[in-house]
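The values are calculated or read from the model by the stated rules, or taken from the named source; none is laboratory data. Just so we're clear, the structure is a prediction, and the values are computed from it rather than from any experiment. Note that we place each Cβ from the backbone using ideal geometry, even for glycine, and neighbour counts take in every protein chain shown. Surface accessibility is based on the protein's heavy atoms, side chains included, excluding ligands, DNA and RNA. Shrake-Rupley method; radii C 1.70, N 1.55, O 1.52, S 1.80 Å.
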Amino acid sequence: MEKAVFGRIIRLDEELRKAGIEKKTVDKIMEGGNKILKTSRPADKAAWMKIAMDRMDSLLPEETRVKVREECACCTTGSRLKLMKKLSEENKDLDSFFKAVDNSHVFGKKVEKKGNKVYVNFGGSKCVCTPKVSSEIFSTTYCQCCKGHVKKLLESALKRELKADIVQTACSGGKTCSFVIYLD
């Protein structure tokens, strides 16, 4: 396959290869990705990404799909990371930290700590990523990157590994995009 040229597709290709997935499997998942350009219509980008996620679902075990897509997470450096670290330094206990995160709107609409779980709701009934132009239902494999975004920023701020799950996502048929992070 010729090399991908659009950011999200390049990142998917890189992360599939980094995960040590056999070349022929990566090539099958990435088929046609090199034809999607930065200037391609958003609907074409979304259609290709849906097909790629469907291919991942049929060709890779769930654990591998989750790992690859979490590594595709965007916005985990720069100003968002600086803000998360600042909030962590200013709020030493978890309750005040998560209230500060909620007030910052770094994750969108709502962040709420309930016991040892943190619920993050991006808000809105549309996907914040590529599929927002598509009315098709996407596999939650696609949404593992948004879960990775939340997880990675919180792990950096709290300086520990965390477990996370998707509660629901707009592009997979949910009313909004929401995730749960486990603190223990």
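Points worth noting:
- Of the residues making up the stretch 19-41, at least one is modelled with pLDDT of 95 or more, small (Gly, Ala, Ser) and touching a Ser or Thr at 6+ places or on another chain (Cβ under 7 Å).
- Qualifying residues in the stretch 132-175 (those that are of a type in the set (Ser, Thr, Tyr) and open to solvent by 20 Å² or more (accessible area, probe 1.4 Å)) - the one nearest to ASP54 (Cα to Cα): SER139
- Residue in the stretch 98-118 that is buried (at least 22 other Cβ atoms within 10 Å of the Cβ), β-branched (Val, Ile, Thr) and within 13 Å of the chain's Cα centre (by Cα) present: no
- Just one of the listed residues (MET56, MET49) is of a type outside the set (Asp, Glu) and touching a Lys or Arg at 6+ places or on another chain (Cβ under 6 Å), and it is MET56.
- Per the conditions (1) in contact (Cβ under 8 Å) with a residue 24 or more places away in the chain; (2) open to solvent by less than 60 Å² (accessible area, probe 1.4 Å); (3) in contact with a helix residue (DSSP H, G or I) (Cβ under 8 Å, 6 or more places away or on another chain); (4) hydroxyl-bearing (Ser, Thr, Tyr), the sole criterion not satisfied by TYR182 is (3).
- Residues of the stretch 41-92 satisfying the condition of being free of Cβ contacts under 8 Å to residues at least 60 places away in the same chain, over 20 Å from ASP165 (Cβ atoms) and among the hydroxyl-bearing types (Ser, Thr, Tyr): SER58, THR77, SER79
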